[in-house]
Amino acid sequence: MNSVLILNGPNLNLLGTRQPEVYGSETLAMVEEKCRAYGASHGLVVACFQSNHEGALLDQIHAAKGVHDGIILNAGAYTHTSIALMDAIYSVEVPTVEVHLSNIHARESFRHTSHIARAAIGQICGFGSFGYLMAMDALRHYYEGRAAK
Ligand code: DQA
């Protein structure tokens, strides 16, 4: 079974009450539970972590090397600012899918830039919490492609 780490960054602990018109009404605990259940029925072991601190997210990415087969990362606002998170993804070489609940490209221009996107295998945005499940499918597809080589 492949193991996937779902990492959520700043303010995502407030899901459910934070701008529900943008981010939906599910809490982070609900989203994480949905991901664990989806993973379990699709051959993935899912671990979840959220932090409001860039360094804590960096530590999790570093610790993922050799432990997890993939990372699903919603870095929140650090997406648009953090070269350190981008470098960490490059450094550990764990395939990473970037996820955003909202369509960042349809929002303010400062959200159009993602440093994560350069290091990720792909980006999913605009589909709400379903995006995390899509990201799991993307990783499964990626593993199948790698196994076929
Ligand atoms: C977000 C989009 C970011 O621009 C924002 O700062 C977030 C959430 C999303 O999931 O849509 O915190 O990553």
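The values are calculated or read from the model by the stated rules, or taken from the named source; none is laboratory data. Just so you know, these numbers come straight off a predicted model, no measurement behind them. We place every Cβ from the backbone using ideal geometry, glycine too, and count neighbours over all the protein chains shown. What goes into the accessible areas is simple: the full protein's heavy atoms, side chains included, and nothing from ligands, DNA or RNA. Shrake-Rupley method; radii C 1.70, N 1.55, O 1.52, S 1.80 Å.
Could you count how many residues in region 78-91 are open to solvent by 10 Å² or more (accessible area, probe 1.4 Å) and part of a helix (DSSP H, G or I)? Before you say what the answer is, go through the steps one by one.
We begin by selecting, within region 78-91, every residue open to solvent by 10 Å² or more (accessible area, probe 1.4 Å); these are 78, 80-81, 83-84, 86-87, 90-91.
With part of a helix (DSSP H, G or I) added as a condition, the list becomes 78, 80, 83-84, 86-87, 90-91.
Total meeting the criteria: 8.
Just name the residue that is least open to solvent (accessible area, probe 1.4 Å) out of those in region 16-35 that are near the ligand (Cβ under 9 Å from one of its atoms) and touching a residue at least 40 places away in the same chain (Cβ under 8 Å).
Looking at the filtered set, the residue picked out is Tyr23.
Show me the strands (runs of 3 or more DSSP E) found entirely inside region 1-77 where at least 1 residues are under 26 Å from Asp87 (Cβ atoms) and over 11 Å from the mean Cα position of the chain (by Cα). Walk me through how you get there before you give the answer.
Values: elements: 2-8, 44-50, 70-74.
It comes to 2-8, 44-50.
All but one of (1) surrounded by fewer than 20 Cβ atoms within 10 Å (Cβ to Cβ); (2) of a type in the set (A, V, I, L, M, F, W, C); (3) in contact (Cβ under 8 Å) with a residue 60 or more places away in the chain; (4) within 11 Å of the ligand (Cβ to nearest atom) hold for Ala75; state the number of the condition that does not hold.
(1)
Looking at (1) touching a helix residue (DSSP H, G or I) at 6+ places or on another chain (Cβ under 7 Å); (2) open to solvent by 20 Å² or more (accessible area, probe 1.4 Å); (3) over 19 Å from Ser3 (Cα atoms); (4) in a helix (DSSP H, G or I), can you tell me which one Thr113 breaks?
(4)
For region 92-110, enumerate the residues that are surrounded by fewer than 16 Cβ atoms within 10 Å (Cβ to Cβ) and within 15 Å of the ligand (Cβ to nearest atom).
Asn103, His105, Ala106, Arg107, Glu108, Ser109, Phe110
Which one of these does Glu144 not meet: (1) more than 16 Å from the ligand (Cβ to nearest atom); (2) surrounded by 14 or more Cβ atoms within 10 Å (Cβ to Cβ); (3) within 26 Å of Met1 (Cβ to Cβ)?
For Glu144, the failing item is (2).
Here's a check for you: in region 40-72, which residue that is in contact (Cβ under 8 Å) with a residue 24 or more places away in the chain and of a type in the set (Asp, Glu) is nearest to the ligand (Cβ to nearest atom)?
Per the stated criteria, the residue is Glu54.
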